[in-house]
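To keep things clear, I will list the structure first and then write my remarks on it.
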Amino acid sequence: MAFLKRIEAHGFKSFADDLKIEFNTNIVGIVGPNGSGKSNINDAIRWVLGEQSVKSLRGEKVDDIIFNGAQGKAPLNMAQVTLVFDNSTKIFNSPFNEIQITRKVYRNSSENEYYINKSRVRLKDVQNLVMDTGLSKGSLAIISQGNVSKFADSKPEERRQLFEEAAGVAKYKKRKEESLRKLERTNENLTRVSDIVSEISRKIEPLAKQAEKAKNYIQIRDTLKKYEITLLVKDGAIAQEELAILSNNITKNDEIKTSLKLKISNHEQKLKFLKNKSYDLDKNINSLEMNLSNVNTLLNILDQQKKALELKAKETNTKDQSLSEIAKLEQDIQELLNEISHKKTIQTQETDTLKQLDSKLEELNLQKSDLILSQNNLHHTLGKKKASLDFFALNQEKQMQKNLGVQTVLNNRQSLYGVVDVIANLIEVPELYHQSISVVLGRNLNNIVTKTDKDAAKAVKFLKENRAGIATFLPLNTIQVRRASQEDAIVVNSQTGFIAFANNLVKVKDANNQTAVDFLLGRTIVCENLANAQVISKLIAAKYQCITLDGQLIKAGGAIVGGFQNQNNNSNLLKKDYNLEEINAEIKLLDEELINLNVQIDGFQNEINSIQSQIAKAELTANKLNYEIVDLENESQLLSTQYQNLTGKKIILENNEELNDIFAQYKANKHHQETFNLQLQQLRKEKHESLNEMQTLENEVYVFHQEDYTVTNTLNNDRLQQVQLENKVEQIFKRLVETYHLTFDRAKELYSKPLENEEEARSLVLKLRNDLEDLGFVNINAIEEFENENERYLRLKNKHDELAAALKELLQGIDEMDKIMVEQFDETIKQINQVLPETFRILFGGGNCQLRYNQPDNILETGIEVLANPPGKKISNLNLLSGGEKSLVALAVLFAILKVKPLPLTILDEVEAPLDPANLERFARYVRTFSQTTQFIIVTHRPGTMENCDVLYGTTMENQGVTKMVTIKLSDAKNKFVADNSTQSLTASLN
Ligand code: ATP
């Protein structure tokens with residue numbers, strides 16, 4: 001069974017029509033005239049087996065292998081060739097008994113299609129399938145006339161290829177090449193990966209530190225968050241509760257204050273009424289006392305008149321009465337009159353005393369009223385002062401609130417080390433300069449002085465992180481103070497209206513802060529008025545700014561800012577300390593004054609109390625005397641009646657009219673006296689009651705004022721506390737929203753778990769805040785970056801290790817392949833060398849031939865030299881051989897190879913053309929010795945060869961340009977296609 005069973009071609013070169021050549025025998029001859037397409041068969045077979053070089057297929061470009069058209073035949077667009085092989089002996093490494101290999105190409109397309117058993121495959125698959133058979137392009141299996149001499153002409157290294165095919169190392173070589181390519185790629189990859197790995201590992205180290213820091217930061221931040229929010233929630237809730245209580249208290253105290261005011265006003269009205277009443281009573285008492293005094297005087301006169309008349313009567317009537325009886329009566333009456341007179345004297349004294357006491361009491365009450373008035377005024381003033389104190393305190397608070405940044409920094413002074421205070425709080429400015437300094441300083445009043453620039457930077461960072469506004473800082477260690485030059489100072493000093501450089505007008509509470517004040521005010525001149533300022537500014541070429549006492553400003557450079565301005569906020573800011581201190585001092589003085597007054601009032605009250613008890617005592621005595629006098633006068637009246645009875649007739653007779661008149665007057669006046677006394681008593685009682693009532697009312701008013709004072713104090717304190725608490729709550733809300741994006745209610749829901757140790761938690765929060773600050777810049781992304789980089793690092797490191805292992809494996813594989821190749825190659829060359837002399841001798845009819853390594857130490861790459869000595873010749877160089885000899889050498893080597901490693905198919909394309917008939921015959925015969933194992937397709941013109949073929953195919957071109965093939969008889973072939981009979985006959989004749 002023939003190995004190559006069939007060739008089918010269509011459109012390949014001159015095979016325009018479908019061509020199908022069946023091969024049934026092992027030695028096939030192809031004969032035909034020149035250019036009829038014989039060699040195209042060779043080309044077609046090599047093309048199918050994977051030939052890629054268009055040149056070696058005798059074309060210029062790919063399309064050259066597609067039928068180009070001929071006379072009367074249009075070009076084709078596609079070339080296709082199929083080789084059908086018998087594989088029953090498993091020459092191909094395939095389970096199929098028949099192998100069909102097809103190659104197809106289209107015009108204008110560089111893409112070739114390959115099929116094995118009609119399945120589309122890659123070129124590589126075809127090459128792999130063919131490689132094991134020894135039919136690949138580099139082997140000696142397909143030799144054309146053109147390249148037969150090439151074997152001899154080739155360099156030893158090029159020649160080596162032929163033997164590699166024979167040695168079966170081509171596949172290893174190919175594999176090695178692949179391995180080497182792989183090795184190169186792997187090496188490149190390894191280098192690339194190594195570079196990346198070392199770059200990542202360089203990068204990963206600081207990233208790991210950053211990630212560690214970020215993790216630490218997150219841990220601190222989360223802990224801080226937990227504790228801080230819990231504390232904020234707690235503080236906020238307490239503050240809210242306190243606020244509720246406070247607001248309740250404020251409402252209650254407001255109500256109390258209103259009711260106190262009402263009570264005070266009612267009492268004051270009543271007091272006014274009582275005072276008027278008291279004045280009226282005084283008036284009535286005075287007039288009554290006057291009347292009483294008149295009556296008393298009249299009574300005395302009447303008494304004396306009566307006495308004189310009685311004496312006269314006594315003298316005339318003694319004879320009718322016993323003298324002794326009358327004398328006795330007279331004595332009794334006289335005693336009674338004496339006693340009455342004595343008692344009256346005492347009564348008059350008592351009345352005087354009472355009068356004195358009354359007027360003293362009045363005086364004391366007046367003085368006390370004055371004191372109470374002063375006390376009330378004092379209370380009023382104190383209330384006003386305290387209210388203004390609260391106003392200023394609130395105002396200060398508001399001013400601070402206006403600048404959130406400044407306020408935040410000041411509120412957190414404890415945790416922000418090095419923050420001193422705002423400028424406004426560090427200086428004292430005499431009131432005269434308030435306007436000017438406040439204009440010059442303007443917003444700078446709120447500048448915050450810090451000890452160092454680092455402290456300022458910390459505060460700035462704090463504000464930024466808390467999103468709590470902005471503030472300007474004056475670090476004492478870095479601010480550059482630029483004072484006026486000494487010359488300028490001397491020049492301006494003597495100018496009219498020059499007051500001073502502004503920094504010298506401001507008193508710095510702490511000398512350490514002088515730098516900040518010099519910085520802000522060291523280049524400002526304070527002048528009396530604008531006219532002076534303009535002169536001074538011109539004089540110094542407007543180098544420094546000038547400010548007038550009323551705040552008109554000539555800026556450095558000459559611009560004038562001026563006009564009228566209400567007391568602005570800045571001025572308030574400047575004033576606030578001054579006012580607060582002043583008011584505080586005034587309140588202190590007023591409080592002292594109030595205490596003094598209270599002491600005085602108490603003194604007066606004691607005195608009033610003692611006088612009131614004296615009055616009560618005197619009134620008691622006067623009343624008692626009154627009753628006694630009335631009793632004595634009644635008794636005297638009785639005795640007078642007895643006396644009249646004894647002496648009366650005469651008296652009555654002699655003095656009747658006159659005495660009666662006196663008695664009548666006396667009686668009437670006595671009656672007046674009693675009435676007056678009773679009225680006076682009543683009025684005094686009323687006055688006394690009125691005074692007592694006034695006293696009670698005044699006492700109550702005093703108590704009300706005291707209560708009002710206390711309530712006002714409490715209210716002021718509560719209101720202040722309310723503002724502070726509201727502020728605190730606002731700060732808490734703000735911190736929660738800005739830092740933790742939580743509303744207070746939400747925070748309460750989430751963080752209401754009570755803390756085990758609150759104090760510890762508070763100090764922990766402070767510590768954690770400091771810790772966060774100490775951490776400085778933290779790259780949160782570092783965690784993810786590190787994880788990504790580390791993951792990449794590990795992945796690439798793994799890849800690196802895999803590549804390194806692969807590299808090692810490849811190297812090992814290559815080593816092994818090298819070893820196998822060396823062994824197999826050497827073995828094959830040795831085997832060929834064993835048979836080559838014989839095949840050479842057979843083809844040449846003698847001589848010798850040997851293969852030799854040109855690099856025996858490097859069998860892997862050594863080239864193969866051929867030492868050929870045709871019979872009788874000593875040849876050092878193959879090039880010296882004739883063309884025929886070169887062909888014979890090549891054929892000898894081919895046959896030697898066929899002996900060592902039989903090839904299933906060999907195509908010989910006019911290789912024997914140059915041989916002389918004797919050599920040709922030896923060749924032809926020798927071919928047959930291999931026909932059992934190798935199929936030969938021989939393109940020939942030589943009859944000797946034709947004769948040795950089992951079958952002959954003739955190629956013709958019946959249609960000009962299109963190859964046709966038919967089997968042909970030997971005799972016909974010889975007649976028709978023996979190419980160069982003349983040459984043949986010439987060669988034959990030479991032999
Ligand atoms: P010789 O005996 O002289 O060696 P040959 O029989 O081997 O000749 P080939 O070399 O096989 O002839 O064929 C050459 C012929 O093939 C030429 O006539 C050439 O025109 C034709 N041919 C080659 N390529 C194409 C093509 N693409 N289209 C048409 N014809 C082509």
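Within the range 88-105, track down each residue that is within 16 Å of the ligand (Cβ to nearest atom) and of a type outside the set (A, V, I, L, M, F, W, C).
Scanning the range 88-105 gives Arg103, Lys104.
Can you name the residue in the range 20-36 that is buried (at least 18 other Cβ atoms within 10 Å of the Cβ) and over 20 Å from Val962 (Cβ atoms) and is also nearest to the ligand (Cβ to nearest atom) among such residues?
Checked the range 20-36; the qualifying residue nearest to the ligand (Cβ to nearest atom) is Gly29.
Of a type outside the set (D, E, K, R), in contact with a Phe, Trp or Tyr (Cβ under 6 Å, 6 or more places away or on another chain) and surrounded by 19 or more Cβ atoms within 10 Å (Cβ to Cβ): is that true of Leu129 in this structure?
Judged against the criteria, Leu129 is a match.
Restricting attention to the range 1-19, and to residues there that are of a type in the set (Phe, Trp, Tyr) and within 13 Å of the ligand (Cβ to nearest atom), which single residue is surrounded by the fewest Cβ atoms within 10 Å (Cβ to Cβ)?
Checked the range 1-19; the qualifying residue surrounded by the fewest Cβ atoms within 10 Å (Cβ to Cβ) is Phe15.
Scan the range 88-121 residue by residue and report those that are farther than 18 Å from Asp43 by Cβ, in contact with a helix residue (DSSP H, G or I) (Cβ under 9 Å, 6 or more places away or on another chain) and in a loop (DSSP other than H, G, I, E, B).
Phe92, Asn93, Ser94, Asn108, Ser109, Ser110
Taking the range 901-940, which residues are under 21 Å from Asn869 (Cα atoms) and among the hydrophobic types (A, V, I, L, M, F, W, C)?
Val911, Leu915, Ala918, Leu920, Phe923
Regarding Lys538, is this residue more than 47 Å from the chain's Cα centre (by Cα), more than 16 Å from Val481 (Cβ to Cβ) and surrounded by fewer than 22 Cβ atoms within 10 Å (Cβ to Cβ)?
Yes; evaluated as a whole, the condition is true for this residue.
Yes or no, residue by residue, for (1) in contact (Cβ under 8 Å) with a residue 60 or more places away in the chain; (2) closer than 14 Å to Arg160 by Cα; (3) not in a helix (DSSP H, G or I):
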position: Gln831; (1), (2), (3): yes, no, no
position: Arg841; (1), (2), (3): no, no, no
position: Asp857; (1), (2), (3): no, no, yes
position: Leu860; (1), (2), (3): no, yes, yes
position: Leu888; (1), (2), (3): no, no, no
position: Leu898; (1), (2), (3): no, no, no
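Kindly provide the set of residues from the range 440-471 that are more than 29 Å from Gly551 (Cβ to Cβ) and of a type in the set (A, V, I, L, M), ordered by number.
Ala456, Ala457, Ala459, Val460, Leu463, Ala468
Yes/no matrix, rows are residues, columns are (1) more than 58 Å from the chain's Cα centre (by Cα); (2) at pLDDT 90 or above:
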site: Leu775; (1), (2): no, no
site: Asn781; (1), (2): no, yes
site: Glu787; (1), (2): no, yes
site: Leu794; (1), (2): no, yes
site: Asp801; (1), (2): no, yes
site: Ala804; (1), (2): no, yes
site: Asp815; (1), (2): yes, yes
site: Val822; (1), (2): yes, yes
site: Thr828; (1), (2): yes, yes
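Going by the conditions given, is Lys225 among the basic types (Lys, Arg) and touching a Leu at 6+ places or on another chain (Cβ under 8 Å)?
Spelling it out, it is not the case that Lys225 is among the basic types (Lys, Arg) and touching a Leu at 6+ places or on another chain (Cβ under 8 Å).
With respect to Glu756, is the statement that it is loosely packed, with under 13 Cβ neighbours inside 10 Å, in contact (Cβ under 8 Å) with a residue 24 or more places away in the chain and farther than 30 Å from Asn187 by Cβ true?
no
State all residues of the range 37-87 that are in a loop (DSSP other than H, G, I, E, B) and within 8 Å of the ligand (Cβ to nearest atom); if no residue qualifies, say none.
Gly37, Arg58, Gly59, Phe67, Asn68, Gly69, Pro75, listed by residue number.
Identify, from the list Ser56, Ser110, the residue that is free of Cβ contacts under 8 Å to residues at least 60 places away in the same chain and of a type in the set (Ser, Thr, Tyr).
One residue alone meets the criteria, Ser110.
In this structure, does Gln679 turn out to be in contact with a Leu (Cβ under 7 Å, 6 or more places away or on another chain), part of a helix (DSSP H, G or I) and not hydrophobic (A, V, I, L, M, F, W, C)?
yes
Can Leu843 be described as more than 16 Å from the ligand (Cβ to nearest atom), touching a strand residue (DSSP E or B) at 6+ places or on another chain (Cβ under 6 Å) and closer than 25 Å to Gln145 by Cβ?
no
Could you tell me how many of the residues in the range 449-484 are modelled with pLDDT of 90 or more, over 28 Å from Leu736 (Cα atoms) and either touching a helix residue (DSSP H, G or I) at 6+ places or on another chain (Cβ under 7 Å) or of a type outside the set (D, E, K, R) (or both)?
8
Is there a residue being at pLDDT 80 or above, in a helix (DSSP H, G or I) and either surrounded by 15 or more Cβ atoms within 10 Å (Cβ to Cβ) or charged (D, E, K, R) (or both) anywhere in the range 636-656?
no
Taking only pairs six or more apart or across chains, which ones have beta-carbon atoms under 8 Å, a first residue in the range 27-44 that is among the basic types (Lys, Arg), and a second residue that is more than 7 Å from the ligand (Cβ to nearest atom)?
If the second residue must be more than 7 Å from the ligand (Cβ to nearest atom), the pairs left are Lys38/Ile30; Lys38/Val31; Lys38/Asp909.
Name the pairs whose Cβ atoms lie under 6 Å apart, with the first residue in the range 604-623 and under 16 Å from Gln682 (Cα atoms), the second in a helix (DSSP H, G or I) and of a type outside the set (Ser, Thr, Tyr), and 6 or more positions between them or separate chains?
What qualifies is Ile615/Leu357; Ala618/Glu350; Ala618/Leu354; Thr621/Glu350; Ala622/Glu350.
The values are calculated or read from the model by the stated rules, or taken from the named source; none is laboratory data. Note that the coordinates shown come from a computational prediction; the quantities given were computed from them, not determined experimentally. FYI the Cβ positions are ideal-geometry reconstructions off the backbone, even for glycines, and counts take in every protein chain you see.
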